[in-house]
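Colleague: Here's a structure for you.
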Amino acid sequence: MNKFPKGFLWGAATASHQVEGGNTNSWSEWEKKNAEKLASEADDKWKDWQLKKFPEMKDPQNYISGKACDFYNRYEQDFDLAKSGGHNAHRLSIEWSRVEPEEGKFDEKEIEHYRNVIRAMKARGMEPMITLWWWTNPLWIENIGAWENKKTKKYFLEYIERIIKEFKDEGVKLWIPGNEPGTYIGMSYVIGEHPPMIRNLWKADKAFKNILSAFDDAYDIIHAHQPDAQVGLSHYARYMLPKTDGLVIKYITKLLDYIKNWRFLETCKKYDFIGIQYYRANSVELKFSKSNIWGPIKEEDDVTDWHSDMDWCVYPEGMYHLLKKTAKYGKDIYISENGIAAVDDKEREKFLKENIFYVQKAMQEGVPIKGYFHWSLLDNFEWDKGFWPRFGLIEIDYKTMERKPRPSFYVYKEIIENNGIKE
């Protein structure tokens, strides 16, 4: 099997709110108001084996991000570790709420902080992939209705323009206006589990249109100031299979697959690359249940017997099928996230080998894949789940902030050194 091409980007990813610590934004305020509620709901939300394995999910403190991983102060140490693992790239985000904590008032100290972060990556020979919005909003944006309000687009573009003007000469080639907009809308406005916790399809559609319009204009702004930039989308994709061979369920699966996975990409033609973010596979069947979002259509994590600590169905072959399908858009492709919540690191080792095997297979068949970013470099704060899911190549002791590379860190290093999976 062909190895990965010269210049292929190997790295990992982190998101500002999940690792930095000390943030004041829409999420930090929501956590404080909802920590008790999230802890009290654990018995109903999670299975017995998960409750036994992760008793901290019943502790309200689990849901308060606090210092997170203190990446804000320890990023150089973390980049040193990444470099020692062979990484030649890293994906992270800039926290809008730090850069512009009040409308029109940009914090020069925080801009300089992110300049130093970018320079620290470059100094270690690591290619930055910078995401400019990762679900968290400044409080003043949240207070005007966030993405439901058309004014947010104007403010967002002013923030984008300021960042690009500041960093256009810092050697950042890869920019993503925002992370997984479909997931943000789904979790915040359809399921209603993330802030602002609204279940309203009309508002969901309104906010989604505002986000996509803002991202389109952000693409133009970035290229206006940095013509050689590559501006892409990050897109969460699930692999879906019909549970039975019936024609009706096959058609329904195809329709649901289009709505959830491909409609978004069909409407976003102008971008330079697509970032695919793959974690799980689902079967689709007709079955009425109160928990169904799609009425009589039920999705189950039962494609394989392999499940993560979050009980997501792990199906590495799905990576291959998603990449083959993404190739039809004729864009460069990055795997901008791919990981597993697993305390048992042997699961992560297996996950890395099998997923990268299928990335390699797709690439061998002509899919233009340019990089792979594992989720995550560090254990981190996993949004409304809190700290118990462990995604990191590097284990974090949240009491001491000690960093300890897991065995999978070295498995990934060996894959990078071999420039692929050994035949």
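What follows is calculated from the coordinates using simple rules that are stated; it is not laboratory data. Nothing here was measured: the structure is a model prediction, and the numbers come from that model. Cβ: placed from backbone, ideal geometry, glycine included. Neighbour counts: every protein chain shown.
Colleague: Could you work out how much longer the chain between Lys422 and Asn200 gets when fully extended? Use 0.36 nm per residue separation minus the Cα distance between them, nm to one decimal.
Modeller: Using 0.36 nm per residue and subtracting the Cα-Cα distance, I get 75.0 nm.
Colleague: Taking 0.36 nm per residue of separation and subtracting the Cα-Cα distance, what length does fully extending Lys399 through Asp216 add?
Modeller: Taking Lys399 through Asp216 to full extension adds about 61.7 nm, to one decimal.
Colleague: Could you work out how far apart the two model spin labels at Lys3 and Trp140 are, taking each label as a point 7 Å from the Cα in the direction of the beta carbon, and quote it in nm?
Modeller: Using points 7 Å along Cα→Cβ, the separation is 5.2 nm.
Colleague: With a ≥ b ≥ c taken as the square roots of the eigenvalues of the C-alpha gyration tensor of region 342-420, please select rounded if a/c is under 1.5 and otherwise prolate if a/b is larger than b/c or oblate if it is not?
Modeller: Taking the square roots of the gyration eigenvalues as a ≥ b ≥ c, region 342-420 is prolate.
Colleague: Separate question: Of Phe71, Leu81, Ala42, which is farthest towards the positive pole of region 29-134's charge dipole, taken about the Cα centre with +1 and -1 on the beta-carbons of Lys, Arg and Asp, Glu respectively?
Modeller: Leu81
Colleague: Just rank Trp202, Trp383, fewest to most, by other beta-carbon atoms within 10 angstrom.
Modeller: So the ranking, lowest neighbour count to highest, is Trp202, Trp383.
Colleague: Shape of the chain from its Cα gyration tensor (a ≥ b ≥ c, root eigenvalues): rounded if a/c is under 1.5, otherwise prolate when a/b > b/c, or oblate?
Modeller: Because its axes are fairly even, with a/c under 1.5, the chain counts as rounded.
Colleague: Go through 323-329, 7-13, 139-145, 157-163 and give me the packing order, highest mean Cβ count within 10 Å leading. Write down the numbers at each step before the final one.
Modeller: Values: 323-329: 17.6, 7-13: 22.4, 139-145: 15.9, 157-163: 19.1.
Order by mean packing, descending: 7-13, 157-163, 323-329, 139-145.
Colleague: Taking +1 at the Cβ of each Lys and Arg and -1 at the Cβ of each Asp and Glu, which of Val411, Leu322, Trp147 sits farthest along the dipole of region 9-417 towards its positive end, judged by Cα position relative to the Cα centre?
Modeller: Leu322
Colleague: While we're on this one: Take the alpha-carbon centre of region 1-66, take the same for region 100-135, and report the distance between them in whole Å.
Modeller: If you average the Cα positions of each part, the centres end up 22 Å apart.
Colleague: Here's another thing I want to ask about it. So how much slack lies between Glu36 and Asp305, counting 0.36 nm per residue of separation and subtracting their Cα-Cα distance, in nm?
Modeller: 93.6 nm
Colleague: Now for a different question. Name the aspartates and glutamates eligible as straight-distance cross-link partners of Lys109: C-alpha to C-alpha under 19 Å, and not fewer than 8 places from it in the same chain.
Modeller: Straight-distance partners of Lys109: Glu20, Asp70, Glu76, Glu95, Glu100, Glu158, Glu161, Glu166, Asp169, Glu170.
Colleague: Please arrange Thr244, Thr152 by counting, for each residue, the other beta carbons lying within 10 Å of its beta carbon, fewest first.
Modeller: Ascending number of Cβ neighbours within 10 Å: Thr244, Thr152.
Colleague: Still on this structure: Mean residue ellipticity at 222 nm from the helices of the chain, using -39,500 (n - 2.57) per DSSP H segment of n ≥ 4 over the full residue count, to the nearest 500 deg cm²/dmol?
Modeller: -12000 deg cm²/dmol
Colleague: If neighbour count is taken as other Cβ atoms inside 10 Å, put Asp257, Asp272 in order from fewest to most.
Modeller: Asp272, Asp257
Colleague: Taking the Cα-to-Cβ direction at Asp169 and at Leu255 and moving 7 Å from each Cα, how far apart do the two end points lie in nm?
Modeller: A separation of 5.6 nm, rounded to one decimal place.
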